[in-house]
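Below: one structure, written as structure tokens.
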Amino acid sequence: LKDQFDNLDKHTQWGIDFLEKYAKFVKERIEIEQNYAKQLRNLVKKYCPKRSSKDEEPRFTSCIAFFNILNELNDYAGQREVVAEEMGHRVYGELMRYSHDLKTERKMHLQEGRKAQQYLDMCWKQMDNSKKKFERECREAEKAQQSYERLDNDTNATKADVEKAKQQLNLRTHMADENKNEYAAQLQNFNGEQHKHYYIVIPQIYKQLQEMDERRTIKLSECYKGFADSERKVIPIISKCLEGMILAAKSVDEHRDSQLVIDCFKSGFEPPGDFPFEDYSQNIYRTISDGTISTPKQEGMRIDSKTTVGKAKGKLWLFGKKPKPQSPPLTPTSLYTSSTPNGSQYPIFSIEPVHYCMSDIKTGKPRIPSFRSLKRGYFCLQGPALEDFSHLPPEQRRKKLQQRIDELNRELQKETDQKDALIKMKDVYEKNPQMGDPSSLQPKLTETMSNMDRLRMEIHKNEAWLSEVEGKVAARSDRRHSSDINHLVTQGRESPEGSYTDDANQEVRGPPQQHAHPNEFDDEFEDDDPLPAIGHCKAIYPFDGHNEGTLAMKEGEILYIIEEDKGDGWTRARRHNGEEGYVPTSYIDVTLEKNSKGA
């Protein structure tokens, strides 16, 4: 290859071009990964529920499983971003840096080869010039010798002409000898430089080019391996994401979803009772002189609720029109019991819903449009919602009251935390007057205490409604049991539970649900103290943490959690030595404290 300098020049240029071609391939693969991850995140964002809407929170297991799958898909998109980032750092970035260095090294070696070739060409030109000069002087010396010999043999030539020709011959001969010596020296120098060029300089340059090309090949091999390693590193996490999707699919429970539908739409009403027989033939036996409405004979003169509510509406009584029924007192006894002449008590309601509706339809003054109203519930009033939710069915009313109590408890907890913070700051101001005036916090403290008293009153009022309804549930359960046993005796006397009355507190509710008080409190005052820990976590995978603001961690390392994930995939954590930073949420197993305040 000593005479293949130009071919080696072309080969090394091809090697650099191939390196850049592979770098372009990696760049396009990175763009595909980034676009794929972006599209996946947009897809997840499109189908995730809005955080602001509490009514649309997933409750059914099928919905929860779907949103868990969306979360796993979001983590999967994050791993595609990790692949793109890893390829960008380990492969594409390294290739571009190495390509730049390779071009610089190749240019230096080619310049050295060209300089060596130029120096050899210069030596050859010097040798060639001395050769031509020696050749020219030899021809001149030959001419001078021929001229001298001609004059020396010529008898007519003067002695001076002969002597002059002899001197010219000696001069040309001497110059030819000098040029001969110079030509010999230049030839010897050229031969030496040519031997050095082809046996020392050029082989060394070619060896450097060979090493450079071999390093390029090794670098390509390493980049090929790094390209595959970038994908292989995330395979365990991607497998966990897929396992999470499978677990989410297995968590779907059709029976639980059906029970949620029942609990959601359960009104608390019992099915309507049997319609009693109405004897219209009693009017045949009424005398002409009788101006009052005859009523069926009742044992102990007890008025039948069917007759008083259905038929007697709009008719005259013995002493005028039927008086309006008064609302009974808000006591369990008056709401649920009525006395008989023999002193026994049995549970009744002021109005039977179905019977009352049918009586109104018969008298031409319907209270509800059709039987379809029974499906929607008897208490769907057309007007503003009442404070105690008495316009709702019993079961829905119980849920609404329980939700309001939970919200009031959360607000009370926030006000309590704010009061503690104000008292603490007031103590600091009293100990260090230069930091602030303690009296400036008194108005805010007074307002907070007032809000706490108001919230306690609201909670007490709603709990009274709730306990009242829960008491009715127990009474209803006992009454339902007795009515099942004595169905024939009580038929026509009792009315279905859950009927609507003018008293808003007669709705029935189920057992209260447990509620938890949130312990989060956003401190309104900034200080230099570190954020409190709200939990701890264990690193499932190692994290380098090269970027600014991140925290490096080892697999199995325990860290404190000081800020939860806000939806961007990062959680703020702290080491035991106080070092803080953000770590990927998918890389850790988080355990939050039950009471995060002051943890």
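Ignoring any ligand, DNA or RNA, what whole percent of the accessible area of the stretch 394-475 comes from carbon and sulfur when the probe is 1.4 angstrom?
Result for the stretch 394-475: 53 percent of the exposed heavy-atom area is carbon or sulfur.
State the answer as a single residue: which of SER586, TYR560, HIS546 lies farthest towards the positive end of the charge dipole of the stretch 535-592, with beta carbon charges of +1 for Lys and Arg and -1 for Asp and Glu, about the Cα centre.
The residue sitting most towards the positive pole is TYR560.
Please give the charge dipole size of the stretch 535-592, origin at the Cα centre, charges +1 on K and R Cβ atoms and -1 on D and E Cβ atoms. Round to the nearest 20 debye.
Taking the Cα centre of the stretch 535-592 as origin, the dipole is about 140 debye.
Once you order the gyration tensor axes a ≥ b ≥ c over the Cα atoms, which shape class does the stretch 394-475 get: rounded for a/c under 1.5, otherwise prolate or oblate by comparing a/b with b/c?
Here the stretch 394-475 falls in the prolate category.
So who's got an amide H within less than 5 Å of the one on HIS391, skipping anything under 5 residues away but keeping other chains? H placed 1.01 Å off N, in plane.
LEU386
Distance check, please: which entries in LYS50/LYS400; LYS21/LYS115; LYS46/LYS250; LYS250/LYS554; LYS107/LYS219; LYS103/LYS554 exceed 29 angstrom between their Cα atoms?
From LYS50/LYS400; LYS21/LYS115; LYS46/LYS250; LYS250/LYS554; LYS107/LYS219; LYS103/LYS554, over 29 Å: LYS21/LYS115; LYS250/LYS554; LYS103/LYS554.
Top to bottom by accessible area (1.4 Å), largest first, where do THR446, THR585 land?
Largest to smallest exposure gives the sequence THR446, THR585.
Rank these by accessible area, largest first, 1.4 Å probe: TYR92, TYR587.
Final ranking, largest accessible area leading: TYR92, TYR587.
Whenever you get a sec, line up ILE262, ILE64 from highest to lowest accessible area (probe 1.4 Å, protein heavy atoms).
ILE262, ILE64
Quick one: which residues, 5 or more positions from GLY581 or on another chain, have an amide H under 5 Å from its amide H? H modelled 1.01 Å from N in the peptide plane, none for Pro or chain starts.
For GLY581, the qualifying residues are ALA573.
Rolling a 1.4 angstrom probe over the protein chains, ignoring ligands and nucleic acids, what is the accessible area of THR591 in square angstrom, nearest 10?
Approximately 60 Å² of THR591 is accessible to the 1.4 Å probe.
Shape of the stretch 4-260 from its Cα gyration tensor (a ≥ b ≥ c, root eigenvalues): rounded if a/c is under 1.5, otherwise prolate when a/b > b/c, or oblate?
prolate
Once the dipole of the stretch 4-260 is set up with Lys and Arg at +1 and Asp and Glu at -1 on Cβ about the Cα centre, which of PHE66, ILE202, ALA157 lies farthest towards its positive end?
PHE66
Please report the accessible area of TRP570 (heavy atoms, 1.4 Å probe, ligands and nucleic acids excluded) in Å², nearest 10.
90 Å²
In debye, nearest 20: dipole of the stretch 4-260 around its Cα centre with unit charges on the Cβ of K, R (+) and D, E (-)?
460 debye
Roughly how much of PHE275 is accessible, in Å² to the nearest 10, using a 1.4 Å probe?
That residue has around 110 Å² of solvent-accessible surface.
Give a residue-ordered list of calculated ³J(HN,Hα) values for the stretch 98-110 (Karplus: 6.51 cos²θ - 1.76 cosθ + 1.60, θ = phi - 60°; whole Hz; x for Gly, Pro).
Coupling constants for the stretch 98-110: 5, 4, 5, 5, 5, 4, 5, 5, 4, 4, 5, 5, 5 Hz.
Shape call for the stretch 535-592 from the C-alpha gyration tensor, a ≥ b ≥ c root eigenvalues: rounded (a/c under 1.5), prolate (a/b greater than b/c) or oblate?
Rounded, since a/c falls under 1.5.
Averaged per residue, what accessible area in Å² does the stretch 4-260 show with a 1.4 Å probe, protein chains only?
Accessible surface, normalised per residue, equals 67 Å².
The values are calculated or read from the model by the stated rules, or taken from the named source; none is laboratory data. Keep in mind that this is a model prediction, so the values were computed, not measured. Positions of Cβ are generated from backbone atoms using ideal geometry, with glycine treated the same way; all protein chains shown enter the neighbour counts. Accessible surface is based on the protein model in full, side chains and every heavy atom, while ligands, DNA and RNA are left aside. Shrake-Rupley method; radii C 1.70, N 1.55, O 1.52, S 1.80 Å.
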